[in-house]
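Just so you know, all these numbers are worked out from the coordinates, no wet-lab data involved. Keep in mind that what you see is a predicted model, and the values were worked out from it rather than measured. Don't worry about glycine lacking a Cβ; one is built from the backbone with ideal geometry, like all the others, and counts go over all protein chains shown.
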Amino acid sequence: MNNDGLLNPFDLVAIVEKRGGYTEEEIAEAMAPTAAETRRAERAAAVEANPCKRCGGSGVLDHYWHVRGGVCFRCGGNGVDPR
């Protein structure tokens, strides 16, 4: 398993060989991205395409940590330029 708690292909092969009971559909389902991973990838693509000009796409301004935790007011903390 990797740090995200997801199985990599090598782990799946080992499980199939060890237990001998998983179907190809079960393996494909285990390897499919979760909704959170899909949203994370979509956000990363949006930030890369149009990063906020104030925070540079991070969503946070470290020097304003004392105001609402440094959340960028321009993008609302999501890193995508609203304009």
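For residue 60, the residues whose modelled amide H falls within less than 5 Å of its own, excluding neighbours fewer than 5 places apart on the same chain, are 72. Note on the range 23-64: Cα Rg divided by 2.2 N^0.38 Å, N the number of residues, gives 1.78. Electrostatic bookkeeping for residue 45 treats Lys and Arg as +1 and Asp and Glu as -1; over the other residues with beta carbon under 15 Å from its beta carbon, the sum is -1. If you take all other residues with their beta carbon under 13 Å from the beta carbon of residue 54, and give Lys and Arg +1 and Asp and Glu -1, the sum is +1.
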